[in-house]
Every structure is written in C-alpha cells, then in structure tokens.
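S.K.: Sending over a structure as structure tokens; questions will come in a sec.
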Amino acid sequence: MNNLEFFVLGSGSSGNCSLLRLNNNWVMIDTGFSMKQTKERMRTHGLALDDVQDVLVTHFDRDHFNPVWCKTFAQRNMRVHIHEKHIGRAERAGLDERCIVPFTTNIQLHGSNVETIHFAHDALGTIGFIFDTGALRFGFATDLGRVPQLLLDRFIHLDGIAFESNYDPGMQENSNRPESLKNRIMDGSGHLSNEQSLAAICHIASESDLQQIVLLHLSRQCNSPRIIHDLYMDNLPEVHEQLTITSQDRCSRLLTMHTGNVLTS
Ligand SMILES: [Zn+2]
C-alpha cells in the first residue's frame, strides 16, 4: 500500500487549496485560488493541472471555490465531488452539471474510501473528509465554527490531520473589525479559535497516532504562527515535530504519512 502525500498550496480567507495523493492520483481539496496562482504553486512540487482529475469541495464560499475554475473543469472533463446540499449553490456559481459528482455519505476514490461528514458552518454547512486507504487514514476539516461531538466521534484512528486554527481570541477582541464580523466568526458557525482547535487536536491525538498535524486557515489579521507555536509548546509539546502551520501566501512542504507507523517527515 502506498504512503499518503499531502501539501497545502495556501490556506486562509483569501484562498484555500490542498492536494492529496491517493494511490498515485492527485486529488484537489478546494479550489479557492486563481488559475495562475494555483498553477504556479503546483509547479513548486513539480505538478501540473493534468495531474489532477478529481476535486473535492468543502463548501462554496469564495475562498474555497473560485468560480473562475468552472470553465476549466468542464473543458478538462474533471470530476467535482460536492455534497448534494451544495448542488444548487454550485450551479449558481457556474459549475457545469456534467462536472458534478454528488455525494451524501461515502465516496470511492482511487481505491480509497472517503468518508464525508456534514458540519454546520453557514446555511448550507461545510464538509469534512476522512480519506481511508485501508492502511492509512487522513482527516481534513475547516471552517467549522465549533467542534461537534460528531467530529470527535468520527476523527479517530487517524495517521494525519489537516484542521482549522483560525484566530487568537485576544487578537480578535482587540482588532478593529466591526463587532458584527467578530460575532459572526466566533458565534459557533464561523471559525475555530486556536484554543478550540488545540482542544480538538489533543482529543484526536489521544485516539490516533498522528504523523502529520497541519493547521489551516490562519487569520491574517488575528493570528500568528508564533502564537500557535507557543500554544502547542505549552500544551502539546510532544507533537512539535509533526506540526505544520500553513500560510496564505506560500505552499507547504510535501508532507508524507507512512504505512507501518514510521514516524518521519
Ligand atoms: Zn474559508
């Protein structure tokens, strides 16, 4: 069985896109960047658009689905896997129905089972994924707003995780953002604070053997990698080596999860 490889092209409120290699096939998770930026960042890992046939979309906010892609997906006969609750939204965004592969629960993809979990976010919710090759399990969840018990029940026995860590509460409170925006982010249907994210990761780590922990969607204005680094050093120093804090502006390195529990990057 193959190892799993994963990298984040970039993550944050200006765009989200990640790539996961399943049985030698690269799968894209979200497509929130421009065509040019996506191609440029893929090139840093030696990849081109031709290397991707399948796209999974967590939800259709602009930072996760840039409508500029609709034409390209149709021209290239790419498969865009979306939750059935998102079909109307996808079509309004301009996605050709011939590209849409709807799902409700599980997806069979390149010899792997992909568990999908519908979480509250905005009216239509957001989708979390667990990619299960039979030998390795990798969880992906972002834009959660809160951590429901359902997530903790399902994100078990993982070998890697990519998970939102959006804001530092103090920076959020002290920012000059409008109160309405602060409330929207923190009211349970927006984003997770670093502390909420850490608490979930602590729980998940206790039920898993995580080789990679990838933190997503850091707020540019209300977060910093240094704060997160210090938080983990204070509370969960044993995962320091496994931790990757992603950026809006640049690609992460290539992260590998190995079969046979060999802990290495
Ligand atoms: Zn987002």
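The values are calculated or read from the model by the stated rules, or taken from the named source; none is laboratory data. A quick note: this is a predicted structure, and the numbers were derived from the prediction, not measured. FYI the Cβ positions are ideal-geometry reconstructions off the backbone, even for glycines, and counts take in every protein chain you see. Note: areas computed on protein heavy atoms with side chains; ligands, DNA, RNA excluded. Shrake-Rupley method; radii C 1.70, N 1.55, O 1.52, S 1.80 Å.
S.K.: Just to verify a result, which residue in the range 26-74, among those that are under 14 Å from the mean Cα position of the chain (by Cα) and open to solvent by 10 Å² or more (accessible area, probe 1.4 Å), is farthest from the ligand (Cβ to nearest atom)?
M.R.: Ranking the candidates gives PHE60 first.
S.K.: Further question: Cβ-Cβ below 9 Å, separation at least six or inter-chain, first residue in the range 6-23 and at negative phi and within 16 Å of the ligand (Cβ to nearest atom), second of a type in the set (A, V, I, L, M) and open to solvent by 10 Å² or more (accessible area, probe 1.4 Å): which pairs?
M.R.: Hits for this filter: SER11/LEU218.
S.K.: So HIS157 fits all but one of (1) open to solvent by less than 10 Å² (accessible area, probe 1.4 Å); (2) over 20 Å from ASN194 (Cα atoms); (3) not acidic (Asp, Glu); what number is the exception?
M.R.: Condition not satisfied by HIS157: (1).
S.K.: Something else: Within the range 168-186, is even one residue within 15 Å of the chain's Cα centre (by Cα), at pLDDT below 95 and closer than 18 Å to SER11 by Cβ?
M.R.: So far as the range 168-186 goes, no, none of its residues is within 15 Å of the chain's Cα centre (by Cα), at pLDDT below 95 and closer than 18 Å to SER11 by Cβ.
S.K.: Report whether or not ARG43 is of a type in the set (D, E, K, R) and more than 19 Å from GLY15 (Cα to Cα).
M.R.: no
S.K.: Hey, among SER189, SER175, SER112, which residue is open to solvent by 10 Å² or more (accessible area, probe 1.4 Å) and either more than 16 Å from the ligand (Cβ to nearest atom) or of a type in the set (D, E, K, R) (or both)?
M.R.: Every option except SER175 fails the conditions.
S.K.: Being of a type in the set (Lys, Arg), away from the ligand (no atom under 16 Å from the Cβ) and in contact with a Ser or Thr (Cβ under 9 Å, 6 or more places away or on another chain) is the filter here, so list the residues in the range 144-167 that pass it.
M.R.: none
S.K.: Can you confirm whether SER189 is outside any strand (DSSP E or B), in contact with an Asp or Glu (Cβ under 7 Å, 6 or more places away or on another chain) and more than 22 Å from PHE6 (Cα to Cα)?
M.R.: Spelling it out, SER189 is indeed outside any strand (DSSP E or B), in contact with an Asp or Glu (Cβ under 7 Å, 6 or more places away or on another chain) and more than 22 Å from PHE6 (Cα to Cα).
S.K.: Any residue in the range 194-204 that is over 16 Å from the mean Cα position of the chain (by Cα) and closer than 17 Å to GLN248 by Cβ?
M.R.: Taking every residue of the range 194-204 in turn, none turns out to be over 16 Å from the mean Cα position of the chain (by Cα) and closer than 17 Å to GLN248 by Cβ.
S.K.: Here's a follow-up. Looking at the structure I just gave you, is PRO102 open to solvent by 10 Å² or more (accessible area, probe 1.4 Å), more than 16 Å from the ligand (Cβ to nearest atom) and touching a helix residue (DSSP H, G or I) at 6+ places or on another chain (Cβ under 7 Å)?
M.R.: Yes; evaluated as a whole, the condition is true for this residue.
S.K.: Here are some conditions: (1) among the basic types (Lys, Arg); (2) surrounded by fewer than 22 Cβ atoms within 10 Å (Cβ to Cβ); (3) modelled with pLDDT of 95 or more. ARG146 meets all but one. Which one does it not meet?
M.R.: (3)
S.K.: Further, regarding this structure: Under the condition of being under 12 Å from GLU115 (Cβ atoms) and more than 16 Å from the ligand (Cβ to nearest atom), which residue from the range 134-143 is most open to solvent (accessible area, probe 1.4 Å)?
M.R.: Among them, the one singled out is ARG137.
S.K.: Sticking with this one: Of all residues in the range 214-247, which are under 24 Å from HIS59 (Cα atoms), within 19 Å of the chain's Cα centre (by Cα) and buried (at least 17 other Cβ atoms within 10 Å of the Cβ)?
M.R.: VAL214, LEU215, LEU216, HIS217, LEU218, SER219, ASN223, THR244, ILE245, THR246
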